[in-house]
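Working notes for the structure below.
The values are calculated or read from the model by the stated rules, or taken from the named source; none is laboratory data. These figures come from a predicted structure and were not determined experimentally. Cβ atoms come from the backbone with ideal geometry, glycine included; neighbour counts cover every protein chain shown. Ligands, DNA and RNA are excluded from the accessible area calculation, which covers all protein heavy atoms including side chains. Shrake-Rupley method; radii C 1.70, N 1.55, O 1.52, S 1.80 Å.
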Amino acid sequence: MIHIDGSHGEGGGQILRTAVALSAVTGEAVHITDIRSNRPKPGLSAQHVKAIETAALICGATVEGIGIGSTSITFFPQEVKGGYYNIDIGTAGSIALLLQCIMPAAAYSDTDIELNIIGGTDVSWAPSIDYLENVTLKALSKMGYRCKIDTRKRGYYPRGGGIVHATISPSEPKPHEFTEEDGVILGISHCSNLPEHVAKRQADSAKDIIEKAGYDCEIITECAEYPSTGSGITLYHGMKGAYVPGKRGLPAEKVGAQAAAELLDELSSHSSVDVHLADQLIPYMGLAKGGSFTVREISSHTATNIWVTEQFLDVKFRIQKKGNMMEISAI
């Protein structure tokens with residue numbers, strides 16, 4: 001059994017998601033302690049409980065200590081099995097973060113895993129579903145990973161109610177060396193139960209800033225009437241993206257401007273991936289036992305994911321400075 005200190009490094013929910021995912025892949029039981037011990041509300045939240053339960057469902061695992069507020073769990077995995085699963089996170093818990101917890105294991109299933117997930121698609125402190133589809137999955141497809149997602153309804157905080165259908169096919173990750181990409185900056189600006197001009201103002205603000213910086217830009221807008229109310233914008237270019245959710249009292253123009261500024265900051269470094277994608281790639285590079293990318297800086301999330309991945313897999317990560325960037329490679 002592998003022991004993971006949940007307070008190590010970044011000390012958040014990511015340690016939990018990566019450890020459970022790699023436990024399911026390797027078949028090694030894991031005992032995780034001090035879960036989110038440094039957070040204002042330590043232990044598991046409802047969203048973490050649902051992610052662990054879903055991972056246990058697809059690999060027939062037994063879990064001890066699971067419950068809201070728990071700071072210690074033990075996960076005993078069995079074989080990953082294909083099938084169709086209905087998952088309701090409840091509230092606006094992030095669908096993207098739940099998928100992060102099960103995607104590595106799902107690739108090692110005997111047949112396709114289909115999930116119909118209800119929760120939040122565009123919420124704070126998590127990747128948007130558009131980022132997951134157009135940045136994360138695009139990057140993983142270069143490593144041979146096969147996953148298709150269909151966003152059927154968007155879900156915003158606090159009501160949620162978003163619906164995403166995901167199909168993950170057996171596809172063992174392969175090493176890939178990521179390089180900087182050229183092309184047009186793309187984006188999706190959306191709103192629900194709000195005037196159509198909210199999505200358009202977000203898009204126009206972002207497009208104006210991006211084009212003044214010398215890039216071509218195409219942003220589509222969506223306006224719908226879903227169960228929850230909210231807005232947001234996701235921009236992406238190659239293996240880089242930026243997502244900003246709308247907030248009550250925050251003008252739509254500022255939402256778009258913030259997303260544009262965040263993406264332009266990433267593009268200015270000429271690295272191959274952004275700081276958020278970097279930490280997401282680590283477990284897959286570990287499973288592939290190879291690959292590399294450059295990133296403008298090593299975040300605490302990335303450093304922590306490297307540590308967790310090395311606890312489970314026979315792989316080491318090398319970090320070295322390359323100009324104004326950092327290069328991470330798996331060996």
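Observations on the model:
- Residue check: residue 9 meets all listed conditions (1) in contact with a helix residue (DSSP H, G or I) (Cβ under 6 Å, 6 or more places away or on another chain); (2) at pLDDT below 95; (3) part of a helix (DSSP H, G or I) but one, namely (3).
- Taking strands (runs of 3 or more DSSP E) as the structural unit, those lying wholly within region 36-154 and holding at least 1 residues that are in contact with a helix residue (DSSP H, G or I) (Cβ under 9 Å, 6 or more places away or on another chain) and within 25 Å of residue 224 (Cβ to Cβ) correspond to 83-88, 113-119, 146-153.
- Taken together, the residues in region 220-240 that are surrounded by fewer than 24 Cβ atoms within 10 Å (Cβ to Cβ) and either at pLDDT below 95 or assigned to a loop (DSSP other than H, G, I, E, B) (or both) amount to 6.
- Residue-level analysis places residue 27 outside the set of residues that are free of Cβ contacts under 8 Å to residues at least 12 places away in the same chain and either among the polar types (S, T, N, Q) or surrounded by fewer than 20 Cβ atoms within 10 Å (Cβ to Cβ) (or both).
- Qualifying residue in region 244-252 (condition: outside any helix (DSSP H, G or I), among the small types (Gly, Ala, Ser), farther than 23 Å from residue 119 by Cα and open to solvent by 70 Å² or more (accessible area, probe 1.4 Å)): yes
- Remark: pairs (first residue in region 305-316, in contact (Cβ under 8 Å) with a residue 24 or more places away in the chain; second residue surrounded by fewer than 24 Cβ atoms within 10 Å (Cβ to Cβ) and of a type in the set (Ser, Thr, Tyr); Cβ separation under 6 Å; 6+ apart in sequence or on different chains) = 312/26.
- The residues listed here are 106, 96, 92; of these, the one that is in contact with a Phe, Trp or Tyr (Cβ under 8 Å, 6 or more places away or on another chain), small (Gly, Ala, Ser) and more than 22 Å from residue 299 (Cβ to Cβ) is 92.
- Residue 172, sole failed condition from (1) surrounded by 17 or more Cβ atoms within 10 Å (Cβ to Cβ); (2) within 20 Å of the chain's Cα centre (by Cα): (1)
- Unmet requirement for residue 329, which otherwise passes all of (1) more than 25 Å from residue 12 (Cα to Cα); (2) polar (S, T, N, Q); (3) in a strand (DSSP E or B): (1)
- The test for being in contact with a strand residue (DSSP E or B) (Cβ under 8 Å, 6 or more places away or on another chain) and at pLDDT 95 or above holds for residue 58.
- Residue count for region 134-169 under the criterion of being surrounded by 23 or more Cβ atoms within 10 Å (Cβ to Cβ) and closer than 19 Å to residue 245 by Cβ: the result is 8.
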